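Remarks on the structure that follows.
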Amino acid sequence: MSRPAVVIGNWKMNMKIKETVDFIVKLPSMLSQSQGRVCLSVPSTLLKVASDASRGTEIEIGSQNVSQFESGAYTGEVSTTMIQDSGGQFTLIGHSERRMFYHEDDEMIKEKVYRAILGGLAPVLCVGETQEQKESGQTEKVLLNQLEKAMGSLNENEASAVIVAYEPVWAIGTGHAATPEIAQEVHSVIRGFIREKWGEKNAFRTPILYGGSVNPDTIKELIKMPDIDGALVGGASLNVESFAKIVNISRETKS
Ligand code: 13P
């Protein structure tokens, strides 16, 4: 038995209403029939239009961030309830761009993961080391620390809601994806962490996605790795043809 492929497009701060509808109208007929999940992580302004456009299709819609608070005086923030009200089913948490540009720290990311679970949204927890940390041999230590802080205090049931995305910061937007061997090694460390904390069942079921310069070429070898269950795709998810190719290659390799 293998895990079905999960591919999430992260549109970041791109796309408008008409482009969103066009993309979502085109995508379903381009997808292969093999099993697997296909998800789009869209800007908050597009949650409603994207979820309306994808109704009746297999496309799942989610957000790129969520507030750690339930509601109230938090200008500019978006809550779990608002995301669900607009049709969102999951949210990215702790993307390296949020850690870097908006100073999200481990404590805040932990609160967001917990809030998402409490609010019924699947958290896609993003972890990854910087170039500097990689060069000084700290990859494993950095990742285990990020994982422990963000999700270490969850119980088995809560932890089973989490999707983990390994996104090495040095590979994001650079055109240089991690080699399949390096990514596999890290994914197996992540799965080992889950196994040790919550047992084999959670370890087997948790999707662990790779992100960082995934495109229709780089996905081919990455997705053959046993612990790489799919991809979190930035730039190449903005084009429906390249995104569909990534989804199809992933599905066919895993099924
Ligand atoms: P790219 O695919 O553009 O490298 O971005 C990866 C990413 O940050 C997805 O969350």
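We did not get these values from a lab; they are worked out from the coordinates using the rules stated. Quick caveat: nothing in here was measured; it's all calculated off a predicted structure. Virtual Cβ from ideal backbone geometry, glycine too; neighbours counted across all protein chains shown.
Between residue 52 and residue 29, the contour length at 0.36 nm per residue exceeds the Cα-Cα span by 6.6 nm. Spacing of the modelled spin labels on residue 252 and residue 160, each 7 Å from Cα toward Cβ, amounts to 3.4 nm. Taking region 1-159 as the region of interest, the number of lysine pairs whose Cα atoms are within less than 30 Å, with members eight or more places apart or on different chains, is 23. Were the residues from residue 106 through residue 14 laid out at 0.36 nm apart, the gain over their Cα-Cα distance would be 30.5 nm. Counting charges near residue 172 (Lys, Arg +1; Asp, Glu -1) among other residues having Cβ under 15 Å from its Cβ returns a value of 0. Cross-link reach is defined here as a Cα-Cα straight distance under 17 Å, omitting same-chain residues fewer than 8 places apart; for residue 254 the lysines meeting it are 220, 224, 245. Across region 222-229, rounded Karplus estimates of 3J(HN,Hα) from the backbone phi angles (6.51 cos²θ - 1.76 cosθ + 1.60, θ = phi - 60°) give 4, 6, 6, 6, x, 9, 9, 9 Hz, Gly and Pro being marked x.
Based on the convex hull around the alpha carbon atoms, region 90-140 presents an average projected area of 3.8 nm². Among residues other than residue 33 with Cβ under 12 Å from its Cβ, the summed charge is -1 (Lys and Arg +1, Asp and Glu -1). Taking other Cβ atoms within 10 Å as a rough exposure proxy, 176, 95 sort from fewest to most as 176, 95.
Close amide-amide hydrogen proximity is noted between residue 60 and 38, 39, 40, each under 5 Å apart and 5 or more residues distant or on a separate chain (H modeled in the peptide plane; Pro and chain starts excluded).
Remark on the chain: ratio of C-alpha radius of gyration to 2.2 N^0.38 Å is 0.93.
With helices as the sole contributors, the chain gives -12500 deg cm²/dmol at 222 nm; each DSSP H run of n ≥ 4 counts as -39500 (n - 2.57), and the sum is divided by every residue.
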